[in-house]
Structure formats: C-alpha cells, structure tokens
Amino acid sequence: MRARWFLALAACLWLAALARDAADRWVAATVLPPLVPDTSVEVLDRNGVLLRAFLVEDGRWRLAVDPASVDPAYLAMLVAYEDRRFHAHPGVDLRALLRAAVQAAWNGRVVSGGSTLTMQVARLLENGGTGQVSGKLRQMRVALALERRLSKQQILGLYLNLAPFGGNLEGVRSATLAYFGKEPRRLTPAEAALLVAIPQSPGGRRPDRHPDQAEAARSRVLNRAVGAGLIDADQAAAARTEAVPDRRRPVPALAPHLADRMRAADPGLRRHQVTLDARLQARIETLAAEAVAARPEALQVAIVIADHRSGEVLASVGSAAYTGDARQGFVDMTSALRSPGSTLKPLIYALAFDEGLAHPETLLEDRATDFGGYAPQNFDRTFHGTIRAREALQLSLNIPAVALTDAMGPARLLAGLRRAGVNPAIPGNQPGLAVALGGVGVTLNDMVQLYAALARGGVTLPLRVTGTGTGGGRLVSATAAWQVADILSGLPPPPGAPENRLAYKTGTSYGHRDAWAIGFDGRHVIGVWMGRADGSPVPGAFGGELAAPVLFQAFNRLKPQLDPLPPPPPATLLVSNAQLPAPLQRFRPRTAAFQAADAPRVAFPPDGAQVELVGGALLVRVGGGKAPFTWLADGRPVAVATRARDTLLDLPGAGFVTLSVIDATGQSARTQVRVLPP
C-alpha cells in the first residue's frame, strides 16, 4: 500500500514538473511588443526646464519620464491602490485573481479587478482590451514574459510613460504638466491620488470634463492611502478640500522657432538641451507680443539675447506669435535675410580705426560727394559739414561711412563680416559701396554675433545654443572695439528709457522695410528687428523710434541693472583732435590714391608673419609712399613723423598686432603679425 502511495506521489510530481516546464516554454516563447514606446521630442532649457514638446506620430502627448524623477509618495500610493504585491508576484497575482473571482460570484458583478500593474503594462503596450477572456490570458502571458525580461523598476517606468490620463494625454508627466502645470517630482497628496484614479477610467474621470467623478475617485484613493498608512486622516481630509483642476494647461511651447530648428537638425534625438533660459524666454516672448499689439497687423518683431562672454544664446524669439496670421508668425525672423541699414557702421569705424584711417576725434567731411557715380544721401537729406568721427557715428551719417568704406574697399568690410561669422548675401555677388549702408543680406543672429565680437574686445566667438564654446579669432583690435563701444555708449536713450551706459546702434533699411536696434553692456548683447515678414515697407518705421524702445525694455527684463563696460585698453590714445598725429587729424578721401604707384606698403614684416622683438623693439620697413611716415600698432601711434624707411617700434609684448603706416599724403598700408614671446 505504502509503495503505491509513493508511486502516485512521484507521478504527480512528474506531471507537475512537466506542466511547469511546458508553462516555462510557453512564457519563454512569448513574442513581446516593442518595449521602448515612442515619446515626444523635447527641447529643454539650460536648467532642464521644458521649453517645447512635440506630439508623437499618433497625435498624443507622451512625455518621457523615469521613476526616479517622480514623487515617491505618488508611486507608493499607486502601488498600494493598484497592486499591493507588485514587488513580490511574478507578473500575475493569483491571490488577487482568486479574490476578484470570489467577489464577482458572490455579488453578481465585478467588485475588484485582478490585474497587476505588469498586466496593465502588457495591455498598454499592445493597446489591448480588458473584457474578453482571451485578452486577459494574453495580458497574463505577456506580463509573465515581461517580468522575466525587465526589472520591476523598468516595468513601473513603462506604466508611468503609457498610462492614459484622458484625451490625448499619456504618461504621468504629460498629466502633471496638463493638469497641474508642473513636473511630477513633487506632488501634493490630492494631486497624487487624482493621478492614481484617472487611468482606471480616463474618459470618465477627466477632471476638466467630469470633475465630480474625478473628485469621487480621488477620495477613494485617499481612503485606501489612509488604510495603507501612507497618509493620516488629517492629511486626507485636507487633500479633499483641494480643488480638482477644471482645465487643461497647454504643454509648454516656448522658443518654437528654435525648437523647430533643433528638431530638424537631428530628427532622431528625443531630448535637445539648449542654452536658453525658460523664464527669460517667457518674459521676452511676452515683450514681443506687447511690442506689436497696438501696431499694424502685419508688423512683426524678433529678439535675440546672448551672453557675449560665453557665446550662449539666452533667449531667441523668432516672431511675436507662432501662428499663420497676418503677421506670418511661423516665419523665423531671427534667421531671415534682411538689410541691416546703418547697423554695419560700427564695424566700418572699427576697421577704419585699425587701418589708421581715422580716430574717434578725426575730422570727417559730411558734404555732397560723388564716389565714382555713387552719390549717397543722409537719411534726413541734410549735411553737417566738418564733423568728428565720434559724432558722425552717433548721428549715423551716411557720407562719412561711405568715405571710410571707399578708402578701405568694400571687400575689406565684407572680409570683416565673414571674420565675425556673418555670411553676407550680396545682391548680384558684386560688392559695392552700397554695402556700407545696408546693401547686403544678413540675419538678426548674424548681427548679434557681430556686436558680441565688438563687446568682447574685438574677439569673435560664435554664438551657440548647444554644446560648449570654441575660441574665435580677432575681428578688430581691442582698442578699436573699445573706441566704438565708447562712442555708442554716448548715444542718448530713446524717450522714456533709463539713462545708462548701454552701447547701442539703430538702423533703418531702404524703404523702411527693416527697423533695427542692437546693443550691449559689459555682459550681454541684445538684438531687435522689426518689420514685416514679407519684406514690404512699413511707412514711417525708424529703428530709433520703433526698435530702440524694445531693446531697452529687453535689457530691463533681462536684469535689474546693466553691467559696466570695460575700461579702455592701455594702448588707447585718449587725446583731442589737436593732439593727434597730423595724418589722423583730418581724414582725406583716397579713392584714387589707392591706385597710385607711390602708395606706401609694409615691406617688412609681411602680413601673417611671426616675428621676435629685439631689445623690446620690432624692426619695420616701409616701401613707396612719401615721408614723413606715422606708424600705428592696433590704432595707437608708436612712431610719428619719421622720415626713415626703417624704424624700430616699441611694442608692449607678445601676441597679435595690427601695424599700420600712413604717409604724408594720407595713404596707408597695414599688416597683421604675431609677436612671439621671448
């Protein structure tokens, strides 16, 4: 008899083993759906704050989230309410299924569900139903397979990304942003309970449509949380008094034009982190909307703010509103080619100072002039006669700027633009003197980068929205850059703006199509463009009246007070006109002189050479030209009225230096060399 019992027991164990082995093979053979759900492309600011997100292909908001970035109190409440033995069962909780079956049989209806969180994840991954027996069996099989492939934390992460929260919201992060306007890392008990309740009936418990049902479901979750010891009765009572959100907040959509560019540049990347500051971006977008609110319906505005020390773009507003209305807000005007008007003049003067053509105190002639058939006029159709270069730039006079460009050659101005990182579009690819007055296509981003180089002491550093900055080259000498900044900081602010030392320049393109204002202090640079996106004229629009007030308001919204401009470099020549070397006291137009056979040239050292100082001095040699000669190093006279063609120049030390020589007739030549350390 005993032997038969042993044989029967052995047979049962053998059959159980066979059944278990078959079940293992059945689970192991499960074909799982993709385990990495498609999530929204996101653009984050410098601090990780969401700037903008994009819908996934099926039109849903599914913002990626990790359990580590979700409030632990919510996770505990979720597990306590949905699946108390989540961390113990293998994917299917037989005890919960048995309890649900007994309750259904006793009450004649379903009282509680037996699905685990893992089974819910299986259903969400396959977008399956919940009512059919076959569907439930499939969920159980997938759940068992998931538990073998993934950790509990990974399964929980899938639930947090896929759980439905009403409408086109999927995932807890989408829900907290839409219903509470915040990330899920910190939630109140009332918020956590509502988030636990909604996925059980996402259509019927949407708080923005069915607040009573949502509130009742939230209360049940709070009761369960009290029973589980997660919160006490007082906390639950306080949570019940918290209002259920009655509307959906829009998903953040800051910097939409920049976000579009980032997504287009790398479509496969899910998260793009940029240098922008979300709070500043929001303030500047509000400013942009205010700037055109009372203006003609087609007027548009664009604003760029950057830290010129690091090259980081802090705010980028491509239009007043990202819409397809009469303002054509969908066009990114920070990267649209426009005429810069007079905003190129600071570069013209800086290059002229470096060339030894002029000094801020040099006298220029503002009178009717014909430059080989090109006869520009000042904007107000008047002339000022003899005037200092400082005043000519502050008044934005056209004749002196064209005369300086004529002396240098338009190619020198275009080369300067390219050194600054600007890619100018030249009509007909034939640069002429009209370039000096805006006859070239540039972007707002280009112009902010150009002014950033002037603000940085003449050194270029490409503006950037991602990554780390790379060193740039020299655009103009530190002395020339400071001289231009000093001149621009002397401009009076627009009416109503605070008196300060903001260095800024305005510009208006031909036909009043573009109004500009670009300025900088010791830390930041801001550019403002206003006009119409289609390029049509804006009658009566001037940069000083239209864009300059917006520039000053942008600085006010950036920070409470300006950073001071730097002091002059040691080599800066701070003297009156009478104390200048004779060739610098008065500028002489030299259109024909550049073609003269006896024009001076720097015979030594050649351009681009690396040289060493001998006894602290550098030997230079001038060929051609008429004595006496004046030599300048980075715009500072270092040898005045010397008749010798070989001269020893005392230079301050190692580094790049621009040498200019001016002869008795006012003709000049230049070279840039690198002085090696001893």
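The values are calculated or read from the model by the stated rules, or taken from the named source; none is laboratory data. The structure presented is a predicted model; accordingly, all values stated were derived computationally and were not measured. Cβ placement follows ideal geometry from the backbone for every residue including glycine, while neighbour counts extend to all protein chains displayed. Accessible surface areas use protein heavy atoms only, side chains included; no ligands, DNA or RNA. Shrake-Rupley method; radii C 1.70, N 1.55, O 1.52, S 1.80 Å.
Taking a ≥ b ≥ c as the square roots of the eigenvalues of the Cα gyration tensor of region 441-522, is the shape rounded (a/c under 1.5), prolate (a/b larger than b/c) or oblate? Please report the intermediate quantities before stating the final value.
Working: a/c = 1.85, a/b = 1.29, b/c = 1.43.
Judged from the Cα gyration tensor, region 441-522 comes out oblate (a/c at least 1.5, b/c at or above a/b).
Between 0 and 90 degrees, rounded to the nearest ten: what's the tilt of helix 444-455 against the longest Cα principal axis of the chain?
Around 60 degrees separate the two axes.
Given Cβ point charges of +1 (Lys, Arg) and -1 (Asp, Glu) and nothing else, what value in debye, to the nearest 20, does the dipole of the chain about its Cα centre take?
My answer is approximately 2140 debye.
Residue by residue through region 34-39, which ³J(HN,Hα) values in whole Hz follow from phi under the Karplus form 6.51 cos²θ - 1.76 cosθ + 1.60 (θ = phi - 60°), with glycine and proline marked x?
My calculation for region 34-39 gives x, 9, 10, x, 5, 10 Hz in order.
If you roll a 1.4 Å probe over the heavy atoms of the protein chains, what accessible area per residue do you get for region 351-468, in Å²?
Ligands and nucleic acids excluded, the result is 35 Å² per residue.
Order TRP482, TRP631 by their accessible area, 1.4 angstrom probe, all chains in place, largest first.
Correct descending sequence by accessible area is TRP482, TRP631.
Taking amide H positions as placed 1.01 Å from N in the peptide plane, with prolines and chain starts having none, which residues 5 or more places from ALA599, or on another chain, fall under 5 Å of its amide H?
Amide H to amide H, under 5 Å and 5 or more residues apart or across chains, ALA599 pairs with GLY625.
When the dipole is taken about the Cα centre of region 331-399, and only Lys, Arg (+1) and Asp, Glu (-1) are charged at their Cβ, what size is it in debye, to the nearest 20?
For this selection, approximately 160 debye.
Please enumerate, by chain and number, the lysines with C-alpha under 17 Å from the C-alpha of LYS505, excluding those fewer than 8 residues away in the same chain.
LYS345
Taking GluC sites (Glu not before Pro) as exposed when DSSP calls them loop (any state but H, G, I, E, B) and at most 11 other Cβ atoms lie within 10 Å, what is the longest stretch of the chain free of them, the sites themselves excluded? Don't skip to the answer; put the middle values down first.
Numbers: sites that count: GLU57, GLU297, GLU499, GLU612.
No qualifying site falls inside 58-296, the longest such stretch.
Would you tell me the accessible area of HIS512, worked out with a 1.4 angstrom probe on the heavy atoms of the protein chains, in Å² to the nearest 10?
50
HN-Hα J couplings of region 226-236 from phi, Karplus 6.51/-1.76/1.60, θ = phi - 60°, integer Hz, Gly and Pro as x?
Coupling constants for region 226-236: 5, x, 7, x, 7, 9, 9, 5, 5, 5, 5 Hz.
If only Cα atoms are counted, what is the Rg of region 277-402, and what is its Dmax, in Å?
Every Cα atom of region 277-402 included, Rg and Dmax give 19.4, 53 Å.
Once amide H atoms are built 1.01 Å from N in the peptide plane, which residues 5 or more positions from LEU397, or in another chain, come under 5 Å H to H?
none
Using only the alpha-carbon atoms, how far is helix 410-419 inclined from the longest principal axis of the chain? Give it as 0 to 90 degrees, nearest 10.
Compared with the principal axis, the helix lies near 30 degrees.
Calculate what fraction, in whole %, of the accessible area of the chain sits on carbon and sulfur atoms when a 1.4 Å probe is rolled over the protein chains. Mind dumping the intermediate values first?
Details: 16630 of 30210 Å².
Carbon-and-sulfur percentage of accessible area, whole number: 55.
If ligands, DNA and RNA are left out, what is the accessible area of ARG621 with a 1.4 Å probe, given in Å² to the nearest 10?
In the full protein context, ARG621 sits at about 90 Å².
Along the charge dipole of the chain, Cβ charges K/R +1 and D/E -1, which of PRO606, SER40, SER316 sits furthest on the positive end?
Selected residue: SER40.
Taking only Cα atoms, what is the 0 to 90° angle, nearest 10, from helix 117-126's long axis to the longest principal axis of the chain?
Between the helix axis and the principal axis of the chain, the angle is about 60 degrees.
Tell me, what HN-Hα J-couplings in whole Hz come from the Karplus equation 6.51 cos²θ - 1.76 cosθ + 1.60 at θ = phi - 60° for each residue of region 147-152, using x for Gly and Pro?
5, 7, 8, 10, 7, 4
Taking H as built 1.01 Å from N, whose amide H comes closer than 5 Å to the amide H of ILE426, not counting residues under 5 places away?
Under 5 Å from the amide H of ILE426: GLY441.
Considering only the other residues whose Cβ falls under 13 Å of the Cβ of VAL244, what net charge follows from Lys and Arg at +1 and Asp and Glu at -1?
Surrounding charge for VAL244 is +1.
Quote the charge dipole size of region 200-297 about the Cα centre in Debye, to the nearest 20; the model charges only the Cβ of Lys and Arg (+1) and of Asp and Glu (-1).
Values: 17 positive and 13 negative charges, 71 e Å.
Roughly 340 debye, rounded to the nearest 20.
Compare ASP83, ASP266 by solvent-accessible area with a 1.4 Å probe and give them largest first, with all protein chains kept in place.
The most accessible residue leads, giving ASP266, ASP83.
Just to confirm the filter: which trypsin sites (Lys or Arg not before Pro) across region 326-369 are DSSP coil and have at most 15 other Cβ within 10 angstrom of their Cβ?
Passing both the DSSP loop test and the Cβ count: ARG367.
Could you name the aspartates and glutamates in cross-link range of LYS626, using Cα to Cα under 17 Å and dropping any fewer than eight places away on the same chain?
ASP598, ASP646, ASP663
Only Cα pairs under 8 Å and at least 6 apart count here; give the relative contact order of region 330-453 as a rounded whole percent.
Relative contact order for region 330-453 comes out at 36 percent.
Quick one: Cα centre-to-centre distance for region 21-90 and region 223-287, in angstrom?
So the separation of the two Cα centres works out to 17 Å.
If you average the sequence gap of Cα pairs under 8 Å that are 6 or more apart and divide by the length of the chain, what percent do you get for the contact order?
On the way: 1369 pairs, mean separation 68.7, N = 678.
Computed over the chain, the figure is 10 percent.
Grab the DSSP H runs of the chain that are 4 residues or longer, score each as -39,500 (n - 2.57), total them, divide by all residues and round the 222 nm result to the nearest 500 deg cm²/dmol.
-10500 deg cm²/dmol
Remind me, relative contact order of region 485-599 in percent, using alpha carbon pairs under 8 angstrom and six or more residues apart?
21
Can you list the lysines whose alpha carbon sits under 29 Å from that of LYS136, skipping same-chain ones fewer than 8 residues off?
Straight-distance partners of LYS136: LYS152.
Could you tell me which residue out of PRO637, ALA481, GLY421 lies farthest along the dipole of the chain toward its positive end? Charges go on the beta carbon: Lys and Arg +1, Asp and Glu -1, centred on the Cα centre.
Projecting each Cα onto the dipole axis, the largest value belongs to GLY421.
I need the shape label for the chain. Rule: rounded when a/c is under 1.5, else prolate if a/b > b/c, else oblate, with a, b, c from the alpha carbon gyration tensor.
Taking the square roots of the gyration eigenvalues as a ≥ b ≥ c, the chain is prolate.
Of LEU461, PRO583, ALA541, which is farthest on the positive side of the dipole of the chain, counting Cα position, with +1 on Lys and Arg Cβ, -1 on Asp and Glu Cβ, and the Cα centre as origin?
About the Cα centre, the residue reaching furthest to the positive side is LEU461.
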